[in-house]
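Here the structure comes first, spelled out in structure tokens, and everything after it is commentary.
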Amino acid sequence: MNPGDRVRVERADRTYEGVLLPSSTDEHLVVKLEGGYNVGVDRADAAVDVLEEGVHEIEGAQDAEAESGSDTDTDADAESEVEFDDDLPTISLISTGGTIASTVDYRTGAVTAQFDAEDVLRAVPDLAGLANYRGRVVTNILSENMTPEVWQDLARAVYEEIEAGADGVVVMHGTDTMQYSASALSFMLETPVPIVFTGSQRSADRPSSDNVMNAVSAVEAAKSDCAEVLVCMHASESDDECALHRGTRVRKNHTSRRDAFETVGAEPLGAVEYDSLDVTFHREHRQRGGTELAIDPALESDVELVKFTPGMDPAFLDVAEGSAGLILEGTGLGHVHTDLIPKIEELVDDGTTVVMTSQCLEGRVCDRVYDTGRDLLEAGVIEGEDTLPGTAKVKLMWALANAEDTSEAMGTSLAGEIQRRSVPWT
């Protein structure tokens, strides 16, 4: 038997039928069931019948089985051959890891990020014929392990791909910190082409996986006329449409739903209709080719984000002593307990740039309404307008390293992070 054969596996009182897949060990069989899930069983305890040979062609699997009994090394070294079509645009696929580029280790059952960008082309055959592709791996990590240094590496990689002629870029990224990375590239890059972040809430072995639709929609968005940093993810729980969110206004609002991402304070910038692959934009956006490619990757990484809660000890702000910057996530219009204000003033006097944002999901900071807000302004706090707290942290990191006047930069919309008006939109 070989990977790609349809098999029946009997083990104890259980029977499984499906397509045999390559296994990460010689001791296990991996079978993809009709429902889309994969199951791993011990070879020693299983009786296997081949029902049909070569139902699916699994590239390189037979050679690897013959050479070593396992295709693990071959998979790691395999290269995709993607036919070039002069009539198609060229899209660069940049991988950083995450669930969209993940597989399951059947020894432990854990989902691990280990596919590179070219593996995605094999894993998502629906991408074929939509574009010419170039694959590039910047890192291979789960997104909770993302760092400002990786943002800089990613920005340089995107810059180089566009400079080399890519008509658009798709960045495959874990969803947990995708909004931070999208914000970072929004400030670090001036782009004449779309840069589209996408990911997957559910791994590829699950029937409800969103990886195919998100990847295909992201490629279509990368071919569009919107020269901004976008996040492309499911617009609803159904497989009908992906929303296109501006990278500086998006927030992950659910831990596991496929439509976890939302644009805060407005409708999404655009959408990709999955059946037709039509891309539409609902609001004003930067046009393809409207700016020259440029990069300013410097970041001041010594910036903290602190959420105020009732009863907070002022000593909690000691964590920001000596820091270059501090984002405060205050209540309402941008408030903290008055007992914290002397400590905040000390931080400002010692050279820490302090910016106030709000815990409210919508609306903007205005510290001129109540006495507490006026005291904060006198202490030297900068109003963050309606910038999202996470975006404000990334922006302050960038502004401290690049802007001539940090206060002015934090009050100016540089990449669509500040809306002109905070009004209900639904």
- Residue-by-residue Karplus 3J(HN,Hα) for segment 360-377, coefficients 6.51, -1.76, 1.60, Hz, glycine and proline x: 5, 5, 9, x, 10, 6, 8, 8, 9, 8, 10, 4, 4, x, 5, 5, 5, 5
- Query: Once amide H atoms are placed 1.01 Å from N in the peptide plane, what residues at a sequence separation of 5 or more from Phe197, or on another chain, have their amide H within under 5 Å of its amide H?
  - Reply: Val171, Leu230, Val231, Cys232
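Pairs to check: Lys252/Lys393; Lys32/Lys252; Lys307/Lys395. Give those whose C-alpha atoms are more than 21 Å from each other in this structure.
Values: Lys252/Lys393 16 Å; Lys32/Lys252 31 Å; Lys307/Lys395 17 Å.
Correct reply: Lys32/Lys252.
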- Note on the structure: The answer for Tyr133, listing residues at least 5 apart or on another chain whose modeled amide H is closer than 5 Å to its amide H, is Ile91
- Three principal axis lengths of segment 303-377 [C-alpha, angstrom, descending]: 30, 23, 22
- Task: Please work out whether segment 373-425 counts as rounded, prolate or oblate from its C-alpha gyration tensor, where a ≥ b ≥ c are the square roots of the eigenvalues and a/c under 1.5 means rounded, while otherwise a/b larger than b/c means prolate and anything else oblate?
- Result: oblate
- Note, segment 244-259: 3J(HN,Hα) by Karplus (6.51, -1.76, 1.60, θ = phi - 60°), whole Hz, Gly/Pro = x, goes 10, 9, 5, x, 9, 10, 9, 9, 7, 10, 8, 6, 9, 4, 6, 9
- Message: When a/c reaches 1.5 or more, the comparison of a/b and b/c decides; with that in mind, is segment 233-329 rounded, prolate or oblate per its Cα gyration tensor?
- Response: oblate
- What does the convex hull of the alpha-carbon atoms of segment 325-420 project to on average, in nm²? 5.6 nm²
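Using the Kirkwood radius over C-alpha pairs as Rh, can you work out the diffusion coefficient of segment 157-247 via Stokes-Einstein at 4 °C, viscosity 1.567 mPa s, in µm² per second?
On the way: Rh = 13.2 Å.
Reported coefficient: 98 µm²/s.
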- So how much accessible area does Thr291 have, in Å² to the nearest 10, using a 1.4 Å probe? 50 Å²
- Message: Could you report the accessible area of Phe84 in Å², rounded to 10, computed with a 1.4 Å probe on the protein chains as they sit in the structure?
- Response: 130 Å²
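The values are calculated or read from the model by the stated rules, or taken from the named source; none is laboratory data. Because the structure is a prediction, the values reported are computed rather than measured. Accessible surface areas use protein heavy atoms only, side chains included; no ligands, DNA or RNA. Shrake-Rupley method; radii C 1.70, N 1.55, O 1.52, S 1.80 Å.
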